[in-house]
Amino acid sequence: MAKTRRLIKENLPYVDVVIELLDARIPYSSKNPEIEKLTVNRPTLFLLNKSSLADDRCTDAWRSRYTRNGNMAISVDCITGQGISRIDDAIKEILAEKIARDRQKGMSRPIRAMILGIPNVGKSTLINKLCGFKKAAAEDRPGVTTSKQWVKTDIGFELLDMPGVLWPKFEDREIGEKLAATGAIKDAILIPEEIACSLLKRLVRFYPELLKERYLLEDDAIPVLTDAENEDYDEYTENELIYELFLKIGKKRGLLIRGGEVNEERCAAMLLDEFRGGKIGKITLDIP
């Protein structure tokens, strides 16, 4: 984290615009406040990536929220290529005044952009899409990009790819859980069953119909949860209800071990994989 902060500070004077990738499923939780502090007063294009996996209505709301103060937000999907063609025009719109001034002075040079975001948000995949060939290492796991690299694109921009910037410490437990659910934190350092149940709780609260359809659940299988502000709210009881649902889903899928008990590790892996792959449906965990 310290090394990445230093790299950002050292290279910001050489770029015209910042491109910050956010996960469209968690547009708030994937926005590292450290990046905002480091890039203050720098024109920024926010890309809500993996938008094909997110709730369209929520994505529209977040896009409107981040399009302000000279900045802009567009929804993209770096895997399918959706929205990628709009990046060129968006950057030129953000930098319209600067481009006009440079032309008046007879200056002509490529626009330089710094790409920032948390691990596994799709920075390297975006670069490969813009370059038209595989230029940057890209894998579906965090921590692949470990140093800065300049690359030229097919649309005339020069891009500076930076390592993913993750928080040194999570003050908000929910943010950490959402990052874990989407794969921004390495699975190897987590307890999958806990992350799967925290995901399941949010799906019960905001997307119960998708859960019922995907896992062939009866209406009475979905617990009714009480808002945390309600005086009857009981977190322990709520967690017990979610755990019971977790076991029901495991049994429905036949994820059993000897004795008929649910293989909780396999059930957790299945839930997380199906959420990340969009098999449950188009879901946003940060509800605007």
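The values are calculated or read from the model by the stated rules, or taken from the named source; none is laboratory data. This is a predicted model, so every value here is computed, not measured. Here the Cβ positions follow ideal geometry from the backbone for every residue, glycine too, while neighbour counts run over all protein chains shown. Surface accessibility is based on the protein's heavy atoms, side chains included, excluding ligands, DNA and RNA. Shrake-Rupley method; radii C 1.70, N 1.55, O 1.52, S 1.80 Å.
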Residues that are assigned to a loop (DSSP other than H, G, I, E, B), open to solvent by 40 Å² or more (accessible area, probe 1.4 Å) and not β-branched (Val, Ile, Thr), drawn from the stretch 51-68: 68
Kindly evaluate residue 63 against the criterion of being modelled with pLDDT under 95, under 15 Å from residue 31 (Cβ atoms) and not hydroxyl-bearing (Ser, Thr, Tyr). no
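One line per residue, one yes/no per condition, for (1) surrounded by fewer than 17 Cβ atoms within 10 Å (Cβ to Cβ); (2) modelled with pLDDT under 90:
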position: 49; (1), (2): no, no
position: 70; (1), (2): yes, yes
position: 76; (1), (2): no, no
position: 87; (1), (2): no, no
position: 112; (1), (2): yes, no
position: 147; (1), (2): yes, yes
Touching a residue at least 60 places away in the same chain (Cβ under 8 Å), under 20 Å from residue 286 (Cβ atoms) and out of contact with any Leu (no Cβ under 7 Å at 6 or more places or on another chain): which single residue out of 25, 57, 65 fits that description? 65
Picking from 271, 203, 216, 211, the residue that is in contact (Cβ under 8 Å) with a residue 12 or more places away in the chain, within 28 Å of residue 50 (Cα to Cα) and exposed (fewer than 13 other Cβ atoms within 10 Å of the Cβ) would be 216
For residues that are of a type in the set (Val, Ile, Thr) and touching a strand residue (DSSP E or B) at 6+ places or on another chain (Cβ under 7 Å), tally how many sit in the stretch 229-282. 1
Are any residues in the stretch 253-268 surrounded by 15 or more Cβ atoms within 10 Å (Cβ to Cβ) and closer than 15 Å to residue 215 by Cβ, and if so, which ones? 253, 255, 262, 266, 267, 268
